[in-house]
Amino acid sequence: MSEKKLGWGVLSTSNIGRIAVNPAIQASSNGELLAVASRDEDKAQAFAADLKIPTSYGSYEALLDDERIQAVYNPLPNSLHKEWTIKAAERGKHILCEKPLALNAAECREMEAAAASNGVKLLEAFMYRFHPRTEKVLEMIRGGALGELRQIRSTFTFPLDRPKDIRWDAGLGGGALMDVGCYCVNVSRTMAGREPVEVMAMANFLEGGVDKQMAGTLRFEDGMLAHFDCSLTMERSEVYHIQGNDGHVRVQNAYLPGIEQAVIEQFDVENELTTLFVDGADEYRLMVEHFADSVLNGSPLRYSADEAALNMKVIEALYKSARTEGEIVEV
Ligand SMILES: NC(=O)c1ccc[n+]([C@@H]2O[C@H](COP(=O)([O-])OP(=O)(O)OC[C@H]3O[C@@H](n4cnc5c(N)ncnc54)[C@H](OP(=O)(O)O)[C@@H]3O)[C@@H](O)[C@H]2O)c1
């Protein structure tokens with residue numbers, strides 16, 4: 001890895017930046033967090049003081065004008081991902097953008113094109129993919145440990161008790177599928193290693209259009225099914241199961257395993273359990289280090305913006321199905 005450090009700037013005083021990504025950049029071996037911007041100058045200053053970020057700006061534009069900043073972390077509400085990612089790309093900044101990358105696949109494609117035409121990197125911040133346990137599960141599947149894949153089941157639910165949260169606002173790109181179901185879609189496609197051909201879903205929508213709960217199914221060409229559920233109004237649960245004709249694995253605390261030792265439960269065809277242990281890690285730090293390494297050394301990103309657009313395409317199809325009471329929708 002290079003001795004050089006990537007100069008980062010962060011758009012907004014977001015909660016996820018505060019608790020996870022900004023500290024990960026600060027702890028990273030190949031990056032430094034130079035500045036934060038907020039729509040409100042006082043907020044930016046207080047945030048910078050709390051997190052020991054050397055520079056603060058009272059507008060996102062001002063941060064983009066800072067020539068020391070090579071990469072931008074974009075954790076704005078989902079409806080603003082496209083606008084500020086494209087603005088950053090046009091200023092020659094590389095962008096790590098929060099999940100889901102945008103509101104739909106067409107927006108993802110515009111962002112991808114802006115990054116390509118300005119010669120900058122763009123990565124969707126699905127951090128769980130950088131945890132060594134996720135990599136281990138992928139390696140097991142690709143190595144044939146489960147035989148031929150038949151079914152994937154995944155869940156991501158939690159109780160969102162902040163009434164003013166961006167996730168309750170359809171205009172900001174809120175909703176259970178957008179916020180947490182997107183992980184289920186992502187883990188299903190990533191583990192399957194291919195794209196679904198059709199989907200169906202049912203959801204409970206609130207007045208205003210946000211889904212507070214959804215259950216859905218993805219069908220793949222060879223008949224493999226991936227079903228999932230997500231919610232903003234239930235107790236926390238994060239799990240996925242991957243079943244093949246030679247056994248299955250169950251992965252609990254699926255997306256945020258944390259830095260403690262992580263577990264994979266592997267069951268054979270007789271349902272005999274073997275528990276595998278994987279070292280814990282800060283998946284946010286591994287993600288920002290991977291991104292910075294790719295920028296500094298020109299190595300390819302493990303996940304492309306095209307891949308993010310495909311995830312969004314499935315999410316769009318699921319919303320279409322849920323709005324028609326479970327009609328089957330082609331992806
Ligand atoms: N990868 C993960 O683990 C993870 C976890 C949680 C969230 N996320 C993603 O991160 C993003 C932010 O989520 P969050 O929970 O951190 O949200 P949040 O705390 O509400 O932060 C969003 C920030 O956007 C800025 N903003 C600009 N226009 C806004 C508007 N019209 N309404 C509200 N805020 C506005 C605000 O900062 P200023 O006032 O400072 O400008 C606000 O602090 C989302 O895309 C979400 O899906 C990812």
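Bear in mind these aren't lab numbers, they're just calculated from the coordinates by the rules spelled out. The structure presented is a predicted model; accordingly, all values stated were derived computationally and were not measured. Using ideal geometry, Cβ is built from the backbone for each residue, glycine included, and neighbour counts are taken over all protein chains shown.
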Legend entry - Value of Rg/Rh across region 176-272 [Cα atoms, Kirkwood radius]: 1.00
Legend entry - Share of Cα-Cα pairs in region 2-126 lying beyond 18 Å, as whole percent: 47 percent
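Provide 264, 242 in ascending order of the number of other Cβ atoms located within 10 Å of each residue's Cβ, fewest first.
On the way: 264 18, 242 26.
With the sparsest Cβ surroundings first, the list reads 264, 242.
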Legend entry - Rounded tilt (10° steps) of 41-51 against the dominant C-alpha axis of the chain: 70 degrees
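Tell me the Kirkwood radius of the chain: reciprocal of the mean inverse pair distance over distinct alpha-carbon atoms, in Å.
Details: mean 1/r = 0.0491 Å⁻¹.
For the chain, inverting the mean 1/r across all distinct Cα pairs yields 20.4 Å.
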Inset, instruction - Take region 49-120, compute every pairwise Cα distance, and split them into 10 Å bins from 0; I just need the percent in each bin. - result: 20, 51, 24, 4
Legend entry - Where only alpha carbons of region 1-75 are counted, the Rg and the Dmax (Å): 11.4, 37
Inset, instruction - Any chance you could give the angle, 0 to 90 degrees and rounded to 10, that helix 81-90 forms with the longest Cα principal axis of the chain? - result: 50 degrees
Inset, instruction - Only loop residues by DSSP count here, and only those with at most 14 other Cβ atoms within 10 Å; note down the trypsin sites (Lys or Arg not before Pro) in region 249-331 that meet that. - result: 302
Inset, instruction - Rank the residues 4, 136 as a footprinting-exposure proxy: fewest other Cβ atoms within 10 Å of their Cβ go first. - result: 4, 136
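What dipole magnitude, in Debye to the nearest 20, does region 1-105 give about its Cα centre under +1 on Lys/Arg Cβ and -1 on Asp/Glu Cβ?
Details: 12 positive and 13 negative charges, 61 e Å.
So the magnitude is around 300 debye.
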Legend entry - Pairwise Cα inverse-distance average, inverted: Kirkwood Rh of region 126-190 (Å): 13.9 Å
Inset, instruction - Express as a percent, rounded to the nearest 5, the fraction of DSSP beta bridges in region 14-135 (both residues included) that run antiparallel. - result: 0 percent
Legend entry - Hydrodynamic radius of region 287-326 per Kirkwood, over alpha carbon pairs, in Å: 12.2 Å
Legend entry - Charge dipole magnitude, Cβ of K and R +1, D and E -1 - the chain, Cα centre, debye nearest 20: 420 debye
Inset, instruction - May I ask for the distance between the Cα centers of region 259-317 and region 30-88, given as a whole number of Å? - result: 26 Å
